[in-house]
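Have a look at the structure below before the remarks.
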Amino acid sequence: MKFNQYKAITFSSLLLTILVIASELSEVFKNTLKAIFSHHWVAKAIIISIVFFIVGFAYKNKISTSDEKNAWRAALASMIIIFLLFIILYLVK
């Protein structure tokens, strides 16, 4: 059984970035995640894991040579954006 880990990494990295930004900028969103999953980081981990496996199996037969590069770019961009967000939020407070 094939699994496209590159597409899975790309989609889950981008979704994690969106979830982190949304939860840091919206207290209502963060509290909703806490209410459903007991902690907002647990909620993000569960959501990202589900998306990772769904996307990986959905694109199992569609693996291209650019998928690996896109996965690296998405993961690094996600890390940089989240890091910058926390720096900006720290400086603003």
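Only the coordinates and a few stated rules stand behind these numbers; no lab work does. Bear in mind that the values here come from a model prediction, so they are computed numbers and not experimental data. So basically every Cβ, Gly included, is an ideal-geometry build from the backbone, and we count neighbours across all protein chains shown.
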Of the residues in the range 1-47, those that are more than 20 Å from residue 69 (Cα to Cα) and either of a type in the set (A, V, I, L, M) or in a helix (DSSP H, G or I) (or both) number 28
Note on the range 23-48: residues small (Gly, Ala, Ser) and either farther than 23 Å from residue 93 by Cβ or surrounded by fewer than 14 Cβ atoms within 10 Å (Cβ to Cβ) (or both) are 26, 35, 38, 43, 45
Within the range 54-72, residues being part of a helix (DSSP H, G or I) and either exposed (fewer than 13 other Cβ atoms within 10 Å of the Cβ) or among the acidic types (Asp, Glu) (or both) number 4
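For every residue, the table says whether it meets (1) in contact with a helix residue (DSSP H, G or I) (Cβ under 7 Å, 6 or more places away or on another chain); (2) at positive phi.
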| site | (1), (2) |
| --- | --- |
| 10 | yes, no |
| 15 | yes, no |
| 34 | yes, no |
| 38 | no, yes |
| 50 | no, no |
| 66 | no, no |
| 75 | yes, no |
| 79 | no, no |
